[in-house]
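J.: Can you keep this structure in mind? I'll have questions shortly.
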Amino acid sequence: MTVSYIEGAADTAAIDAAISEFLAERRADTDLLGQDVVAAVAELESYVLRGGKRVRPVFAWLGWIGAGGDERDPGAAAVLRACAGLELLHASALIHDDIIDASHTRRGYPAAHVAFAERHRTRGFSGDPDAFGAGTAILIGDLAQTWADVMVRSSGLPADAQARVAPVWSAVRSEVLYGQLLDLVNQASDDESIESALRVNQYKTASYTVERPLQFGAAIAGAGADLIAAYRAFGSDIGIAFQLRDDLLGVFGDPAVTGKPSGDDLREGKRTVLLATALQRADERDPAAARFLRAKVGTELSDDELSSVRGVLVDVGAVSHIERQITGRTERAMAVLEASSATAGAKDQLAAMAVKATQRAL
């Protein structure tokens, strides 16, 4: 496989090529199982490849580059393939997340469980199409996670690198599930604390989006403890800032850009830092606004009600507070990165990615 690069960062087309090559290898197994299994696996392949920015594999790759990895090294293709495994893990998390949240779309397309329910209807199967769609999507999400493991193990990394990567890989797999579980519990228990919402952000987003991928790449390169600590501090702050931006986009974003209906987080009653901040500030400054938020969040908001909720979030200062949090965490992360021993090219790329991840337009 030929790997191409952009200023030291892996080209996302090369990551997609690695994923496509891996999935093509898996078809030999699934082709024996009949047309419906083949079609389900084809849906998974389409789901993985038709969108996304490959943020996690690129952070992992840059973690390797920053720790002294050389893209001209003959082993670079194995590193890229291992890093690309993070995208399959991400696909698994998204598929399951959409079922849990009852989301209908992902990246502008039907969510996996919705697509499988429609396949049930088209094929004229018996039973409940929605139950079939959810069950099939759960299994396909599990398959994506299993194949992520296979992709890392079969990447061609040397045995010593595999040994260093193994505990990091176990951590990232576990932590995203911890985050999902915390998110479910927070929502079901109506936990309104900022601390709980931040804990979800740490495990569900920061750890597996930036912090652990950077550590993953560094482990492949055999990086020292100081650089790994710097990567983890940078990754935690940028990952949380990334999620805070996502929280804002979930309420105020343009669906044509985000690929998801605006306001879905509010309709689902998601216990975001944005909402927790708004409730805390409304309790202190405008009890009527606090009552309004509690009455409306988690309900099927009309367009007018959504507009009113947005107005409250702005009026109580929650939006400006979140913007300051994003700025502060980004600046702190940049300072840690600059003081680290990462290579100059990796620092430049990581700084650019940090800005892109945290300053997406509403």
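J.: Test ALA229 against the criterion of being part of a helix (DSSP H, G or I) and under 24 Å from PRO261 (Cα atoms), and give yes or no.
T.: No.
J.: Among the residues of region 316-333, is any farther than 19 Å from LEU198 by Cβ and assigned to a helix (DSSP H, G or I)?
T.: No, every residue in region 316-333 fails to be farther than 19 Å from LEU198 by Cβ and assigned to a helix (DSSP H, G or I).
J.: I'm trying to understand the selection: among the residues of region 87-102, which are farther than 14 Å from ARG50 by Cβ and either in contact with a Lys or Arg (Cβ under 7 Å, 6 or more places away or on another chain) or not assigned by TED's automatic domain parsing to the domain that holds ALA137 (or both)?
T.: LEU89, ASP98, listed by residue number.
J.: From the list SER307, SER302, SER262, SER320, which residue is of a type in the set (Gly, Ala, Ser) and either closer than 25 Å to ARG54 by Cβ or in contact (Cβ under 8 Å) with a residue 12 or more places away in the chain (or both)? Reasoning before the result, please.
T.: Details: SER307 fails: either closer than 25 Å to ARG54 by Cβ or in contact (Cβ under 8 Å) with a residue 12 or more places away in the chain (or both); SER302 fails: either closer than 25 Å to ARG54 by Cβ or in contact (Cβ under 8 Å) with a residue 12 or more places away in the chain (or both); SER320 fails: either closer than 25 Å to ARG54 by Cβ or in contact (Cβ under 8 Å) with a residue 12 or more places away in the chain (or both).
Matching residue, one of SER307, SER302, SER262, SER320: SER262.
J.: What residue, among those in region 195-224 that are of a type in the set (Lys, Arg) and within 13 Å of the chain's Cα centre (by Cα), is surrounded by the most Cβ atoms within 10 Å (Cβ to Cβ)?
T.: Step one: of region 195-224, the residues of a type in the set (Lys, Arg) are 199, 204, 212.
Next, from what is left, pick out any that are within 13 Å of the chain's Cα centre (by Cα): 204, 212.
Numbers: LYS204: 23, ARG212: 28.
The extreme case among them is ARG212.
The values are calculated or read from the model by the stated rules, or taken from the named source; none is laboratory data. What you see is a predicted model; the values in this text were computed from it and never measured. Using ideal geometry, Cβ is built from the backbone for each residue, glycine included, and neighbour counts are taken over all protein chains shown.
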